[in-house]
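First up is the structure itself, then whatever we jot down about it.
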Amino acid sequence: MTSLLTPILDVRNLTLAFGKMPVVNDLSFTVNQGETLAIVGESGSGKSMTSLAIMGLLPHIGGRVDSGSIEFKDEGKIHELTSLSDDDFRRIRGNDIAMIFQEPMTSLNPVFSIGSQITEALELHRGLKGAEAENEAARLLDLVRLPNAKAQLKRYPHQLSGGMRQRVMIAMAASCNPKLLIADEPTTALDVTIQAQVLQIIRDMQSELNTAVIFISHDMGVVAEMADDIIVMKRGDMIESNSAQEIILRPGTDYTRQLMAAVPKIGAMTGKSAPEKFDLIGQSEQAGSSGKPETAQQAEPTSKPDNKPFDNDDSPLVSLKKVTTHYPIRSGFWGKVRHRVHAAESISFDIYAGETVALVGESGSGKSTVGKTLQQLVTPAGGEILFRGQEMLSAPPEVRDRFKREIQYVFQDPYGSLNPRKTIKASLLEPMYHHGLVSDPARQVAELLESVQLPAEFASRYPHEFSGGQRQRICIARALACKPQLIIADEAVSALDVSVQAQVVNLLMDLQKERGLSYLFISHDMAVVERISHRVAVMYLGQIVEMGTRQQIFENPQHPYTQRLLSAVPMMDPLRKPQRPILDVEIPSPIRAIENPPLIHTYREINIGHIVAENLVLF
Amino acid sequence: MRALFRFEFLAGLVLLTLVGGAVALSPWLFPDSGKTMDFLARLTPPFVNEAHWLGTDPMGRDILERVVVGGKISFIVGIFSALGAVTLGTVIGLLAGYYRGFWDSFLMRFADIQLALPFILLAITVIAIIGPGLDRIVILMIVAQWVQYARLVRASVLSLREAEYVQAAKSYGLPDRKIIFGHILPNAMGPLIILATLNVANNILLESSLTFLGLGIDPLTPSWGGMLADGRNYIQTAPWITIFPGLAIMFTVLGLNLLGDWLRDYLDPLGKTNT
């Protein structure tokens with residue numbers, strides 16, 4: 001079967017190093033024309049280093065090729081990329097081998113229009129001039145399904161959304177009909193529905209141009225959707241290599257199985273009414289050196305047979321009633337408010353003790369604003385918030401301060417939410433001192449670290465010494481320090497590698513069981529939400545469009561936006577590569593002129609506790 | 001553990017101790033404060049006359065004596081003006097950047113206007129109002145220079161206030177005072193220290209310009225900047241008049257810069273600079 005295929009890139013016994021530290025050992029693989037090879041692994045596995053070596057960009061960041069060869073075959077000619085001169089490489093790079101990077105926000109130059117950046121590539125590599133180059137640029141934007149391509153050429157990067165920018169990057173990569181396209185985590189920074197679009201565009205382009213693709217990702221779900229062959233890497237070593245179908249159906253190593261088990265699979269919870277922990281096989285990233293592994297425990301069936309940890313007869317812990325938050329946009333010389341961002345519009349829901357309510361939606365849907373309003377980080381324009389029956393917004397300052405203890409917030413970015421100049425101990429104690437909860441600092445810090453399965457010795461270290469997963473545990477420990485009743489987890493696991501993400505989700509669920517915590521779990525990831533939540537609210541453009549129990553939302557989604565979110569989640573099914581229709585609708589802007597307020601949804605109840613917006617049109 | 005005794009620290013400390021120590025001991029070393037003139041030994045080159053080791057100036061005053069005595073004025077002007085401007089500018093920058101709103105706009109527009117005024121014009125106006133003198137010069141420099149610190153700090157605060165750890169501190173109810181001085185200020189210190197140490201040197205020279213214009217101190221009182229100005233006409237025939245006060249300024253500034261670099265690194269738990 002392989003004999004029919006034309007190999008285009010042949011990597012043999014490649015070893016890469018940074019200084020004395022080897023980052024890739026003895027890696028060999030072949031990429032064939034028109035095929036997709038996926039390289040999968042967690043952060044630090046050497047997958048991006050491999051792609052930079054192929055692009056000849058490794059010396060730029062201080063790495064080098066120690067041994068091995070990279071042969072690029074181009075119409076009978078064979079180029080040995082490891083020994084190519086800079087000048088020769090420049091002819092291949094961009095022309096024959098193109099690359100798409102992870103971060104669409106920074107990979108376009110902000111001071112040039114989209115058009116001039118694409119035509120620059122066309123002039124450089126294909127010798128096109130003037131109107132000719134411009135027409136070709138428009139054709140390329142058409143190829144990546146960017147609506148109204150001609151007009152887009154005049155726009156600047158900041159005027160485009162992340163998904164549109166990534167499409168421009170793909171168009172630029174495609175501009176010279178490359179034989180090989182390297183996509184390094186091209187969708188990691190994007191929302192699910194946008195991710196689905198971008199993946200579809202890469203697939204379409206591949207079949208139109210017969211390009212070979214090296215697809216680098218940490219996400220088995222995405223990889224399963226894209227790849228013909230898969231290489232699994234761990235700390236610089238290739239530990240498995242096979243066809244995608246084989247690896248997904250019959251993974252050959254424990255590590256691959258772990259990677260796959262950690263991917264939240266949508267639909268895995270069908271028929272189950274209570275949340276359930278991830279079933280993690282073995283342990284991939286140690287929580288610390290505590291020797292207290294949190295995995296290897298089978299997902300125990302929830303001890304309580306009753307699937308409602310809360311009783312609707314009880315009064316709710318938190319109750320939001322028509323909460324509305326706007327951000328004013330000032331313009332003109334006098335800074336008059338002429339426009340507002342309608343970040344949250346008439347939001348109403350309850351959270352009961354011991355319950356996890358998930359708020360899902362894409363970037364800009366206003367879900368974080370709801371969390372921040374509840375945490376008193378932003379002041380709402382209207383509505384009321386009841387916390388244990390007491391009105392929060394009109395409460396005296398000392399009561400509001402107490403609410404800031406009883407409600408805690410965990411932020412998304414584990415690298416940004418700890419002060420780099422404070423030790424872990426100081427960071428953990430700060431909220432406790434403020435709320436007068438310190439009795440025996442050393443012991444309390446040790447207990448907190450232990451509760452998030454980190455060793456007590458970590459207390460005297462600084463944040464930069466820890467991995468993302470460890471930092472997020474420290475942030476959770478800081479939230480626990482105040483003995484809260486409600487924790488708002490704002491995309492708290494989104495920035496973590498999948499396997500670490502699964503561990504942190506399990507930790508959150510353990511803590512909930514031990515301490516009877518409630519969570520407001522804010523996320524864009526439907527599959528994680530399906531795992532952790534009791535009830536789900538779907539937000540779109542600042543309003544809730546559908547809300548119900550997890551089963552109601554996932555098994556019987558009613559609103560078209562909910563359905564779209566669910567269908568965009570990658571399926572780990574190699575036999576069925578989804579062909580999704582490309583939706584060119586970007587989410588419209590929530591910025592509105594002050595005299596033009598949005599339509600407030602009305603709801604109908606289609607089942608007990610399951611409400612859907614009457615307006616089913618996405619606008 | 002971050003190295004307490006790094007090269008920068010030791011070198012900076014030695015330089016400043018040498019210069020500062022000599023200056024501090026000047027009343028005992030040279031009780032007649034560098035005003036004695038030895039007309040028989042005018043323009044003596046250095047290292048030839050045992051009575052005047054570093055030579056003499058056109059009026060026969062001993063260079064060594066004047067360098068040591070003059071250090072007092074230069075130290076006071078350089079260090080106090082920088083300290084005062086840093087303190088004032090930092091507090092204003094922190095508050096303006098953190099609270100934004102009307103006072104931020106007001107103070108920053110005011111700062112823009114002040115930056116547009118030439119320093120000499122400002123100096124003449126201020127000195128005309130408050131009169132000349134050592135303390136007046138320091139006040140003048142603080143008034144003229146707080147602006148750059150305020151702008152620098154405010155720019156850092158604008159990004160730091162959005163940092164998630166600042167949001168986190170707000171979320172658990174930490175009062176603004178502790179957020180501003182406990183979280184934001186330590187993270188905004190790096191560039192501030194560098195700018196302040198560079199400004200010390202500028203202000204030492206500035207003092208001589210002001211004195212030259214008659215806006216500063218009594219022109220007979222020696223200072224490093226004043227000695228540089230005096231020696232300008234003799235730079236080709238008697239360069240030592242300018243070289244030695246110049247070296248004194250250089251050692252002071254170098255010492256401060258080294259200490260500043262060290263302090264910035266010492267305060268940074270990453271243990272190295274990330275600029």
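The values are calculated or read from the model by the stated rules, or taken from the named source; none is laboratory data. Owing to the predicted nature of the structure, the values given are computational and were not obtained by experimental measurement. Positions of Cβ are backbone-derived with ideal geometry, glycine not excepted, and every protein chain shown enters the neighbour counts. Surface accessibility is based on the protein's heavy atoms, side chains included, excluding ligands, DNA and RNA. Shrake-Rupley method; radii C 1.70, N 1.55, O 1.52, S 1.80 Å.
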Unit-weight point scatterers at every alpha-carbon of chain B, Debye formula, q = 0.17 1/Å: log10 I(q)/I(0) is -1.28
For region A:8-261, the percent of accessible surface on carbon and sulfur atoms (probe 1.4 angstrom, ligands and nucleic acids excluded) is 49 percent
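Output the direction-averaged projected area (hull surface divided by four) of the convex hull of the alpha-carbon atoms of chain A, in nm². Before the final figure, lay out each step's value.
On the way: hull surface 121.9 nm².
Averaging across all directions leaves 30.5 nm² for the Cα convex hull.
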Under a Gaussian network model of chain B whose springs join Cα atoms within less than 10 Å, the largest fluctuation of B:Pro245, B:Pro222, B:Pro132 belongs to B:Pro132
The longest stretch of chain A containing none of the trypsin sites (Lys or Arg not before Pro) that sit in a DSSP loop with at most 12 other Cβ atoms within 10 Å is A:155-575
Per 10 angstrom bin, beginning at 0 and ending with the bin that holds the maximum distance, the Cα pairs of region B:1-79 fall in percents of 18, 37, 27, 12, 5, 1
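Carbon-plus-sulfur fraction of the accessible area of chain B, 1.4 Å probe, in percent? Walk me through the numbers before you get to the answer.
Details: 9380 of 13350 Å².
Its accessible area is 70 percent carbon and sulfur atoms.
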Note to self: with every protein chain in place and a 1.4 Å probe, chain A gives an accessible area per residue in Å² of 41 Å²
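Averaging over all projection directions, find the projected area of the Cα convex hull of region A:357-438 and quote it in nm² with one decimal place. Please report the intermediate quantities before stating the final value.
Details: hull surface 28.7 nm².
The directionally averaged projection comes out at 7.2 nm².
Among DSSP bridges having both ends in region A:318-613, what percentage is antiparallel? Round to the nearest 5. Mind dumping the intermediate values first?
Details: 33 of 51 bridges.
Bridges in region A:318-613 that DSSP calls antiparallel: roughly 65 percent.
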Taking a crude spin-label model, label points 7 Å out from Cα along the C-beta direction, the A:Glu595 to B:Gln236 distance in nm is 7.7 nm
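Residues of chain B: accessible area per residue at 1.4 Å, in Å²? Each step should come with its number before you reach the end.
Details: 13350 Å² over 275 residues.
With the other protein chains kept in place, chain B gives 49 Å² per residue.
Which of the trypsin sites (Lys or Arg not before Pro) found in region B:185-275 are loop residues per DSSP with 10 or fewer other Cβ atoms within 10 Å of their Cβ? It would help to have the intermediate numbers written out before the result.
On the way: sites: B:Arg232, B:Arg264, B:Lys272; in loops: B:Lys272.
Filter output for region B:185-275: B:Lys272.
Based only on Cα atoms, what Rg/Rh ratio does region A:318-613 have, Rh being taken as Kirkwood's radius? Don't skip to the answer; put the middle values down first.
Values: Rg = 20.2 Å, Rh = 20.5 Å.
Answer for region A:318-613: 0.98.
Note the buried accessible area between B and A here, summed over both chains, with a 1.4 Å probe, in Å² to the nearest 100.
Working: alone 14380 and 26430 Å², together 38850 Å².
Heavy-atom accessible area buried at this interface is about 2000 Å².
Let me check I have the definition right: for region B:210-257, take the eigenvalues of the Cα gyration tensor, multiply each by 5, take square roots. What are those semi-axes in whole Å, largest first?
Details: eigenvalues 71, 56, 11 Å².
Rounded to whole Å, the semi-axes are 19, 17, 7.
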Here region A:8-261 gives, from Cα atoms, an Rg and Dmax in Å of 18.0, 56
Inverse of <1/r> over all distinct C-alpha pairs of region A:1-155, i.e. the Kirkwood Rh in Å, gives 17.8 Å
Taking the chain alone as reference and the full protein assembly as comparison, with a 1.4 Å probe on protein heavy atoms only, the residues of region A:471-485 that lose at least 30 Å² of accessible area are A:Arg478
Residues meeting the amide H criterion for A:Ile182 (H placed from the backbone, H to H distance under 5 Å, 5 or more places apart or on another chain) are A:Ala98, A:Met99, A:Ile100, A:Ile214
Between the alpha carbon centres of region A:353-374 and region B:67-135 the gap in Å comes to 47 Å
In region A:402-427, accessible area falls by at least 30 Å² from chain alone to full assembly (1.4 Å probe) for A:Lys404, A:Phe411, A:Gly416, A:Asn419, A:Pro420, A:Arg421
Sorted by chain and number, the residues with a modelled amide H under 5 Å from that of A:Ile8, at a separation of 5 or more or across chains, are A:Val31, A:Asn32, A:Gln33
So, with points 7 Å from each Cα along the Cβ direction, the B:Leu213-A:Ala268 label distance in nm works out to 7.4 nm
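Looking at the protein assembly as shown only, what percent of DSSP beta bridges run antiparallel? Nearest 5 please. Kindly include the intermediate steps, with their values, before the conclusion.
On the way: 61 of 99 bridges.
Just about 60 percent of them are antiparallel.
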Summing -39500 (n - 2.57) over every DSSP H run of at least 4 residues in chain A and dividing by its residue count gives a helix-only mean residue ellipticity at 222 nm, to the nearest 500 deg cm²/dmol, of -9500 deg cm²/dmol
For A:Lys422, the aspartates and glutamates lying under 15 Å Cα to Cα, once residues fewer than eight places off in the same chain are dropped, come out as A:Glu430, A:Glu465, B:Glu164, B:Asp265, B:Asp268
Once A:Lys129 and A:Asp87 are pulled to full extension, the length gained, defined as 0.36 nm per residue separation minus their Cα-Cα distance, is 12.8 nm
